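Structure first, then comments.
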Amino acid sequence: MRSHAVALLLALATQPVAAQHGGHHSHGSPNTASPYAGQQSRGIKALSDQEVKDLLAGAGMGMAKAAELNRYPGPMHALELADILALTSEQRERLATLMHRHKAEARKLGERVVALERELDALFARGQPTPAEVDRLTLAIGEAQGRLRADHLRTHIETTALLTPEQVDRYVKGRGY
């Protein structure tokens, strides 16, 4: 039961606050359009086309901000700043290997999130949601999102270990932090 509570907390922690609360205001006229207007035609109602694309591509989607904004660089941006960081050929190779490995894992985990969101959407679209099925799917989504975010964050830790403190300083400055 404790693992279910942790997964639920992870699910809630990875969702933007606006998405959790938007459209639930009791004030305003009855003719006021919901912020969800137009989203009913999405393939997966809870995800925009861009979010689906990003999840399937293994994009960062801001999942590693805790690392990035606290001096833990990511491999993609470190490689983009390779000349400014004065990366050695060995560092470039190791960062490229890390990035490719991470992207493959992030794509796999993103596919899982998309598949579970599609399943949840279909459950409601069929008009057959049950509390047990909603619990099962939302907990699975939370766990998948948590695993995806953890993979992004771990990759930043691994990247930082490949750089010198001076290179991290240059990275931070080069990224405008």
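The values are calculated or read from the model by the stated rules, or taken from the named source; none is laboratory data. Values in this document were obtained by computation on a predicted structure and should not be read as measured data. Reconstructed Cβ throughout: ideal geometry from the backbone, glycine too, with neighbour counts over all protein chains shown.
Of the helices (runs of 4 or more DSSP H) lying entirely inside the stretch 42-95, those carrying at least 1 residues that are closer than 18 Å to residue 106 by Cβ and among the polar types (S, T, N, Q) are 49-57. For the stretch 62-91, the set of residues classified as without any contact (Cβ under 8 Å) to a residue 40 or more places away in the chain and in contact with a helix residue (DSSP H, G or I) (Cβ under 7 Å, 6 or more places away or on another chain) consists of 76, 79, 82, listed by residue number. Against the test of being surrounded by 14 or more Cβ atoms within 10 Å (Cβ to Cβ) and in contact with a Pro (Cβ under 9 Å, 6 or more places away or on another chain), the options 81, 87, 55, 47 yield a single qualifying residue, 81. Counting only residues that are in contact with a Ser or Thr (Cβ under 8 Å, 6 or more places away or on another chain) and of a type outside the set (A, V, I, L, M, F, W, C), which one in the stretch 58-78 is surrounded by the fewest Cβ atoms within 10 Å (Cβ to Cβ)? The selected residue is 71.
Are any residues in the stretch 138-172 of a type in the set (Asp, Glu) and either over 21 Å from the mean Cα position of the chain (by Cα) or modelled with pLDDT under 95 (or both), and if so, which ones? Show your work before the answer.
Initial filter on the stretch 138-172 (of a type in the set (Asp, Glu)): 143, 151, 158, 166, 169.
Within the stretch 138-172, 166, 169 qualify.
Take residue 47 and decide whether it is aliphatic (A, V, I, L, M) and over 26 Å from residue 171 (Cβ atoms). Reasoning before the result, please.
Values: aliphatic (A, V, I, L, M): yes; over 26 Å from residue 171 (Cβ atoms): yes.
Yes.
Is it the case that the stretch 124-137 has a residue that's buried (at least 16 other Cβ atoms within 10 Å of the Cβ), at pLDDT 95 or above, over 21 Å from the mean Cα position of the chain (by Cα) and not in a helix (DSSP H, G or I)? Checking the stretch 124-137: not a single residue is buried (at least 16 other Cβ atoms within 10 Å of the Cβ), at pLDDT 95 or above, over 21 Å from the mean Cα position of the chain (by Cα) and not in a helix (DSSP H, G or I).
Looking across the stretch 93-123 at every residue that is basic (Lys, Arg) and closer than 15 Å to residue 47 by Cα, the one that is surrounded by the fewest Cβ atoms within 10 Å (Cβ to Cβ) is identified as 118.
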